[in-house]
Amino acid sequence: MNRSDLPGLYIHVPFCKTKCPYCDFYSVTDTKRAVQWLSTTLMEASLYREEFPSFDSLYIGGGTPSLLGGPLLEDLLCGLRDIFRFDGGTELTMEVNPDDVTREKLALYRALGVNRISLGVQSFREDEVRFLGRRHSAKQAEEALRLIADEGFAEFGIDLIYGLPGQTLRSWRQTLRKALEHGPSHISCYQLTLEGDTPFSRMSGGGSLKLPADAIQARFSLAASETLSEAGFIHYEVSNFARGLEHLSRHNVKYWQHKPYLGLGPSAHSFRGNRRWWNARCLDEHLLKTGRGEKATGGSERLSADQMRLERLLFGFRTLWGVEMSEISGKDGQKAIDGLLTSRLVELHETRIIPTEKGYLFADGLPVMVSG
Amino acid sequence: MKHIRNFSIIAHIDHGKSTLADRLIQYTKLVDARQFRDQILDNMDIERERGITIKSQTVDLPYVDENGEEYELNLIDTPGHVDFSYEVSRALASCEGVLLLVDASQGVEAQTLGNLYAALEHNLVVIPVINKIDLPVADIERVKLEIDQELGLDPEGAILCSAKEGTGIEDIFHAVVGKIPPPEGDPEKPLTALIFDAHYDPFRGTIVSCRVFDGTVKQGDTIRLMSQGTTYRVEEVGVFRLTREPKKELTAGMVGYIIAGIKTVSDTRIGDTITLDTRPASSQLPGFKDVKPVVFSSIYPIASDDYQSLLEALEKYKLNDASLVYQKDSSAALGQGFRCGYLGLLHLEIVQERLEREFDQSIIMTAPSVQYRFYLDDGSVLDVDNPLYYPDPGTIKSSEEPYIRASILIPERYVGAVMKICMERRGVNSHLSYPTPGRVEVTFDMPLAEVIFDFYDKLKSITQGYGSFDYEITDYRESNLVKLDILVNGEKVDALSILVHRDNARERAVKVCDRLKDEIPKQQFKIAIQGAIGGKIIARSTISAYRKDVTAKCYGGDITRKRKLLEKQKKGKKRMRIVGNVEIPQSAFLAALKTDDE
């Protein structure tokens, strides 16, 4: 946890060939506008040069960043390096879709300095991948993983989704084991949830999609912890596992430790000190404003001490760093912690209250429980 | 004095009393059209919304007839609900006549009858007015027949009116002047003035509304409130226009107000007689009663640190409502609160709503209770209106509960359904009469406890709105009472305890357990809800445990939204009460009180 306090840089690539029915990250399917997006994003970057001169992590997410062709990606990275200074050991993560992976592309990524890949596998079962509306097949994902290993990427992560209708504990464990076979340094397991105005949430509203009950979801989640910790993985955040402390996602950890970060591109969020701001969720607006040399900020907030504390509780109970005892105030808070200790939702490690595996299942509820 | 008329409008709820009052005011041009708001006399929000008058107001209408004679017509507004029947009776005692309003589409209803009887008791001239004749469903002939046969009044004298459209208003003024006699009284005799209402004014203290029968009162007089013997110096007298209009004096026959440095409304008693301290009347005016609350429930602040603020709100509220009584109460589940007594269930609802709306209090109200009477082995008698004070059952020799005589007026086709709900609610001694063909008056002796919950709503729904209901409290009768406790994970939630008839206990327990099951959110452990009498469990329900309550993602774009959700939940938690280790939301306490399934 004693990482550098250098900020992280996030680039939101707002393009997808097709939209997945569960996802509500901002993206458009008109990929022809990528060229324009690139130039305005670099203009946006230059507006923050004074405030954020250097970084030690760069995360290219989306959207589908792997849609960017070689020259565009090269322009992007070179452009960013012209504007900002990147620390020597910068973690440079690229989100990649399995069907975009080719040997050539991977070689290019390496050449451009990408040292970490996050692959959107979601499942190793064909029926599940199809259900999720992905444009790749399970077979393609396996092939992509072989290529990534062949290319010598030491740091790569696999993203999985669980809690699908009809999914069994058996099939979920199979997917987990398959993931392990490919030797990733990192695995993220996301419970399928209904987000905003997505096709899945509309289907659920209309009754044609029914997600498993919370008791089943809990078993999936515990199965993941079990299977992955047996393989030596550390469960360091509700949805994230790493093959050792040196394999955490440095960039993502910044989000959970109130470290500064800058987000560029539509819908990207930034944070510094006690201020958070975010860009409008609209490519047109983003192009228009940054094209005119303005920031495309869609909203901002300045957090009070109480809000900062509440967020520390929120992050703390979701991660293995837990919450410092001194954050818990009042008799009611103490009483609640005693209750959580008794029911083994948290453990005490010196002065920190650390969530247990069972505690992770209720992480979102704990901050309210312990604040008076 | 011969140019004064004191009258009131009496009507069943919704028959248009307030609208008619508005029309009469408009006609006299006391207020111009621009200032005019519907239901001028009902100036509380709740009154406008519910279309009922809670706090009566009086207005002095100047009227000039076609011969140029000037009159002062005192319209004494009355609350239109059975909870306030004593206030109504004092207002009627201040009048010489009434307009009896009947809805042309609804006809005569139970309260119309009750109101008529009250008016006849005071020997008032009754002028029937058929209102809402503009409605397409108006059936004037049928209503006339009912006026004749059910009320025994001359239907030919009935005035046809549409208060909404303003027709028949002139006729009403004619009738008030022509048919209602002027007041009698002697200005030279010792002062007797009847208090029929009192309001609180933050600048002037209590504004006493009164009718002077004999004598004269003016600024500087020392008055005496006869039932209490307290004396006050008169600061101002006057009459009610839409605002107060000071006068030199009030004399026999007049209706007006007295301001005399009376601090709170509770220092006065409705129905009391005002006389002069220097020259007192020999006796009080008849009919004075000290009204006692009949329904009781406790009020607790949702956040226990709001106790002081609730106390202040109650004190302020009480300034204007002498009929609410309260004292400190405390509950293991809900902390410090107040036990309150109300005139009836509507009164309870009004207090609750006004505390929440006007005084911005977030409160939990416990189940309404009547006052039960317990005869104990040691010969003592215990009146209990709070389940907390239920005596040790081993020491109870016998118990009693208050009964009412309920009178229900319905179209004949609903007799079966109405008899059924009355009997389900332990009604006995039923009696049927047929005032007009097709209509039935059903009377029942029933425990008051059976009507204080939702009897009226239920009656309305099974009779599709045609049933009307009136009651008076008659006596105490022997009853087999038990205390029903509700336990959450084995802990008794004292605020949910109720006293019930043994035969009803099980059914009530099952309902409360089911409702709580729906209202208490899942927690990380299983929650058992039980209904028990003594140590015996008679009903139970279970809330299964939550197994997972966490969202998958928490990255840059998720944090603000997640924190806002937590902030909202934190606020919501303030509205929760913790019993043992279970968080119970306020809504659960409220829902547990409802007996009906909506």
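The values are calculated or read from the model by the stated rules, or taken from the named source; none is laboratory data. None of the values given here were measured: they were computed from a predicted structure. Reconstructed Cβ throughout: ideal geometry from the backbone, glycine too, with neighbour counts over all protein chains shown.
Being among the aromatic types (Phe, Trp, Tyr) and crowded, with 21+ Cβ neighbours inside 10 Å is the filter; apply it to segment B:285-325 and report the residue that is modelled with the highest pLDDT. Residue satisfying both the conditions and the ranking: B:PHE296. Among the residues of segment B:522-536 satisfying the criterion of being surrounded by fewer than 19 Cβ atoms within 10 Å (Cβ to Cβ) and in contact with a helix residue (DSSP H, G or I) (Cβ under 9 Å, 6 or more places away or on another chain), which is nearest to A:GLY196 (Cα to Cα)? If we take residues in segment B:522-536 being surrounded by fewer than 19 Cβ atoms within 10 Å (Cβ to Cβ) and in contact with a helix residue (DSSP H, G or I) (Cβ under 9 Å, 6 or more places away or on another chain), then B:LYS522 is nearest to A:GLY196 (Cα to Cα).
Within segment A:126-143, the only residue that satisfies the criterion of being touching a residue at least 40 places away in the same chain (Cβ under 8 Å), within 12 Å of A:LYS178 (Cβ to Cβ) and touching a helix residue (DSSP H, G or I) at 6+ places or on another chain (Cβ under 6 Å) is A:ALA141. The single condition among (1) in a loop (DSSP other than H, G, I, E, B); (2) touching a helix residue (DSSP H, G or I) at 6+ places or on another chain (Cβ under 9 Å); (3) within 14 Å of chain B (Cβ to nearest Cβ) that A:TYR236 does not satisfy is (1). Where helices (runs of 4 or more DSSP H) fall entirely within segment B:102-219, those with at least 3 residues that are over 30 Å from B:GLU441 (Cβ atoms), out of contact with any helix residue (DSSP H, G or I) (no Cβ under 8 Å at 6 or more places or on another chain) and modelled with pLDDT of 90 or more are at B:169-179. Considering only residues of segment A:195-222 that are outside any loop (DSSP other than H, G, I, E, B) and hydrophobic (A, V, I, L, M, F, W, C), which is nearest to A:TYR22 (Cα to Cα)? Among those residues, the one meeting the criterion is A:PHE200.
Quick grid of which residues meet (1) within 21 Å of the chain's Cα centre (by Cα); (2) under 18 Å from B:LYS564 (Cβ atoms); (3) without any contact (Cβ under 8 Å) to a residue 12 or more places away in the chain; (4) more than 14 Å from chain B (Cβ to nearest Cβ):
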residue: A:GLY273; (1), (2), (3), (4): no, no, no, yes
residue: A:LYS289; (1), (2), (3), (4): no, no, yes, yes
residue: A:GLY293; (1), (2), (3), (4): no, no, no, yes
residue: A:GLY298; (1), (2), (3), (4): no, yes, no, no
residue: A:ARG302; (1), (2), (3), (4): no, yes, no, no
residue: A:ARG309; (1), (2), (3), (4): no, yes, no, no
residue: A:LEU313; (1), (2), (3), (4): yes, yes, no, no
residue: A:PHE317; (1), (2), (3), (4): yes, yes, no, no
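When restricted to residues that are of a type in the set (S, T, N, Q) and either in a loop (DSSP other than H, G, I, E, B) or farther than 23 Å from A:SER300 by Cβ (or both), segment B:550-575 contains 2.
Being in contact with a strand residue (DSSP E or B) (Cβ under 6 Å, 6 or more places away or on another chain) and either at pLDDT 85 or above or within 30 Å of B:LEU448 (Cα to Cα) (or both) narrows it down to one residue among B:GLU66, B:GLU70, B:GLU47, B:GLU87; which is it?
Details: B:GLU66 fails: in contact with a strand residue (DSSP E or B) (Cβ under 6 Å, 6 or more places away or on another chain); B:GLU47 fails: in contact with a strand residue (DSSP E or B) (Cβ under 6 Å, 6 or more places away or on another chain); B:GLU87 fails: in contact with a strand residue (DSSP E or B) (Cβ under 6 Å, 6 or more places away or on another chain).
Every option except B:GLU70 fails the conditions.
Every condition in (1) in the same structural domain as B:ILE270 (by TED's automatic domain parsing); (2) of a type in the set (Asp, Glu); (3) under 24 Å from B:VAL98 (Cα atoms) holds for B:GLU235 except the one numbered (3).
If you go through segment A:281-296 and keep only what is among the aliphatic types (A, V, I, L, M) and part of a loop (DSSP other than H, G, I, E, B), you end up with just A:ALA296. In a residue-by-residue description of segment B:562-577, the property of being more than 9 Å from every other protein chain (Cβ to nearest Cβ), in contact with a Leu (Cβ under 9 Å, 6 or more places away or on another chain) and modelled with pLDDT under 90 applies to at least one position. Only a single item in (1) more than 9 Å from chain B (Cβ to nearest Cβ); (2) part of a helix (DSSP H, G or I); (3) within 19 Å of B:LYS564 (Cβ to Cβ); (4) of a type in the set (Ser, Thr, Tyr) is not met by A:TYR255, and it is number (1).
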